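The values are calculated or read from the model by the stated rules, or taken from the named source; none is laboratory data. Just so we're clear, the structure is a prediction, and the values are computed from it rather than from any experiment. Quick reminder, even Gly has a Cβ in these numbers, built from the backbone with ideal geometry, and neighbours come from all protein chains shown.
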Amino acid sequence: MTDFRDVLNDEQYAAATAEGGPMLVLAAAGTGKTRTLVYRVAYLVDQGVAPRRILLLTFTNRAAKEMLDRARAVAGEGVGGVWGGTFHHLANRLLRRHAPEIGYDRGYTILDQDDSRSLVSSCMKDRKFTGKEFPKPAVLMSLFSSAANTERPVEDFVWKLSEKSAMASEDVALVCGDYSARKKKLGAMDFDDLLVNCLRLFRENPATTERYREQFVHVLVDEYQDTNRIQAELVGRIAGGHRNLFVVGDDFQSIYSWRGADFQNIISFPERYPDLSTYKLETNYRSVPEILAVANACIAGNPEQFQKTLRATRDSYRKPAVARVRDGQEQARYVLEEIRQLRRSGYKASDIAVLYRAHFNSMELQMVLTREQVPYMITSGVRFFEQAHIKDVCSILRVLVSPTDEMAFSRLLGLLPGVGPKGIAKAWSALGGVFNARDAAHRKRVRASLRPAAREPWSAVEAVLQAYDEEDLSDDAGEVIHRFMEALYKKHVMNTYDNGPRRLDDITELILYTGRFESVEQFLSDVALLTNLDAEVEAVANAPEDGIRLSTVHQAKGLEWSAVIILWMTDGMFPSARTLWESEGGEAEERRLFYVAVTRAKDELRLCVPEVRRNRDGTVMYCSPSRFIEELPPDLVEDVSGWF
DNA sequence: GTTTCGGTTCTTTTT
DNA sequence: GAACCGAAAC
């Protein structure tokens, strides 16, 4: 058995082996937060707590998996029984069991962002809110989400719409109501519904609540500063019995308020739990002192935070560099040159990351890296599981599992040649709003409603649907997808996309990925909740060659690299102009985001400051350097401008 | 009457 | 890219 004292410092040890009750661990960046959580889990298992009575809530599935894997290495196989995952996963798991208690069917489908958006779009069209003067569906969607996550009426958020918007606040509420009704009719929940409904379950059903309160003797929450109000209440209720609530977080790294996260949750934690014990982790093992000096300086001015100062343990090295470049092109060339330099001095490609505020910030760099054949990895704006081709092949599974899933049906039928919106609507009404793909009569009815040119390809799809029962494929999602690909989809991809082969590779990956699921239902239930980071873990594991990592700062949270280059440090980009005017605490949050970016770096840090931004029409826009650069004491950084 | 195709415009952050 | 719009093609 491991002696925890040998592997943890005093701060970490105190937290990991504490007795119980409410506990707040304030863990600054790079101070071994994950390590502490891992050993906390291992310690509890070691102490004889049954793993199934431990609940570990994390921000991503990747984090949960990593922690449990590491805890297993310390405390043995028993750790496998710990409940670990994201809030959405927990909610989904509970609702699959208890949905009927709040008036839902157990087999509800989960709408991902893409599905939600098109459903909102369809609601807007029904009310004739179409045209340039109306907000985009995605914008309305975000209002609905804000309302759901704060439990306030949607009218409270219409101020976020542009003043030119033609939508009155009653109209917004109307569409919001329609959207909820449509979801109910489809038997579907969006991401927010999962949380909201899970909370409803707890509020309305004391018996169920009691059952889980009893089960979970210990509740551990990672990244507590990024929980929203619903999540905080969920945690509070579920841990309300045994009151062993262990929350870990860093208010400096709260960067999700636009998604409803309320860092008051962590700030006011001591008031809500007066009997808590607090632990601070401030010893940083990751970064050289010069990088920590920049991190400490940039965050110091933010209001309302727990005072923490990163203490360095590593030896002095070089100062972070600020490179003032002309424009995006020059920035890309600078980054390329720096990457080559770092490689020459011995860093592996996978030791280097380029971080930025928004995905489109990396376009120029991507072009340069591609041209120069520098391998790189990127998780783009579109999530793996929301790409068109992935959703296309999943639609046949969805149709098999849920007869009321109109969205999947539309998607599937739209793949047939010569079938568009009208053809789909005709078929759906011929079916009377229910398509049971496993019923031969239903399949025939679809066939009859199709125009002749589409019937032949539909027969091929029918054969796949038929085989589902006949050959009992309900435990093999991969096989269904494979057959569908052969029957129809391969041809479709090759005719539709110029990067067809790559998309087919993705699908092959997906088929492999289905192997870990026991049934089509289980696969579908999980797939909507998988993030691109989760998918990427697989991709990276399978990739023979490593590359430079390109990432948004948000996606880089929790990760670290030897060398980090940050792009577009200009006012308007970083901090983002929109955030500044859209929300009150915008600047403070952007500053925390910058803090997160800086603290990803172990040895080398470069900050790029372009002077101008080129618009599409060729005009240039002058940019002032980011206020985050300007407010740094000049002696903390080295100016390397003019290297060219 | 429908579907498809080609051109144009825009791009914050994510479970 | 992908969403949207108008025009060509079926």
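Rundown of residues vs (1) touching a Cys at 6+ places or on another chain (Cβ under 8 Å); (2) within 15 Å of DNA strand B (Cβ to nearest atom); (3) more than 21 Å from A:VAL154 (Cβ to Cβ), yes/no style:
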{"site": "A:GLY80", "(1), (2), (3)": "no, no, yes"}
{"site": "A:ASN92", "(1), (2), (3)": "no, yes, yes"}
{"site": "A:ARG96", "(1), (2), (3)": "no, no, yes"}
{"site": "A:CYS123", "(1), (2), (3)": "no, no, no"}
{"site": "A:LYS128", "(1), (2), (3)": "no, no, no"}
Scan the range A:191-208 and tell me whether some residue there is surrounded by 20 or more Cβ atoms within 10 Å (Cβ to Cβ) and not in a helix (DSSP H, G or I). no
The one condition in (1) in a helix (DSSP H, G or I); (2) of a type in the set (D, E, K, R); (3) touching a residue at least 40 places away in the same chain (Cβ under 8 Å) that A:GLU456 fails to fulfil: (3)
Got a sec? Which of A:ALA15, A:ALA42 is more than 16 Å from DNA strand C (Cβ to nearest atom), on the phi < 0 side of the Ramachandran plot and either among the polar types (S, T, N, Q) or out of contact with any Phe, Trp or Tyr (no Cβ under 6 Å at 6 or more places or on another chain) (or both)? A:ALA42
Select from the range A:377-403 the residues that are away from DNA strand C (no atom under 14 Å from the Cβ) and within 24 Å of the chain's Cα centre (by Cα) and write down the one among them that is modelled with the lowest pLDDT. A:MET377
(1) away from DNA strand B (no atom under 16 Å from the Cβ); (2) part of a helix (DSSP H, G or I); (3) in contact (Cβ under 8 Å) with a residue 24 or more places away in the chain; (4) of a type in the set (A, V, I, L, M, F, W, C) all hold for A:VAL461 apart from (1)
Taking interchain pairs and intrachain pairs at least six residues apart, which have beta carbon atoms under 6 angstrom, with the first residue in the range A:357-368 and of a type in the set (A, V, I, L, M) and part of a helix (DSSP H, G or I) and the second more than 7 Å from DNA strand B (Cβ to nearest atom) and modelled with pLDDT of 85 or more? A:LEU365/A:ALA332; A:LEU365/A:VAL335; A:VAL368/A:ALA332; A:VAL368/A:LEU336
Given the options A:THR283, A:THR309, A:THR278, A:THR313, name the one that is in contact with a strand residue (DSSP E or B) (Cβ under 7 Å, 6 or more places away or on another chain) and at pLDDT below 85. A:THR313
Evaluate the range A:535-550: report whether one residue or more is away from DNA strand C (no atom under 16 Å from the Cβ), modelled with pLDDT of 85 or more and surrounded by fewer than 17 Cβ atoms within 10 Å (Cβ to Cβ). no
Top-ranked residue in the range A:605-638 [being out of contact with any Phe, Trp or Tyr (no Cβ under 8 Å at 6 or more places or on another chain), part of a strand (DSSP E or B) and of a type outside the set (Lys, Arg); ranked as surrounded by the fewest Cβ atoms within 10 Å (Cβ to Cβ)]: A:TYR622
2 or more residues small (Gly, Ala, Ser): qualifying helices (runs of 4 or more DSSP H) within the range A:60-146: A:61-75, A:113-126
Looking at (1) in contact with a Phe, Trp or Tyr (Cβ under 6 Å, 6 or more places away or on another chain); (2) within 15 Å of DNA strand C (Cβ to nearest atom); (3) of a type in the set (D, E, K, R), which is the only condition A:ARG447 fails? (2)
Within 12 Å of DNA strand B (Cβ to nearest atom), more than 22 Å from the chain's Cα centre (by Cα) and among the hydroxyl-bearing types (Ser, Thr, Tyr), is that true of A:SER362? no
Just checking, how many residues over the range A:353-371 are β-branched (Val, Ile, Thr), more than 11 Å from A:GLN329 (Cα to Cα) and more than 14 Å from DNA strand C (Cβ to nearest atom)? 1
Every residue from the range A:147-162 that is in contact (Cβ under 8 Å) with a residue 24 or more places away in the chain, in a helix (DSSP H, G or I) and away from DNA strand B (no atom under 12 Å from the Cβ): A:ALA147, A:THR150
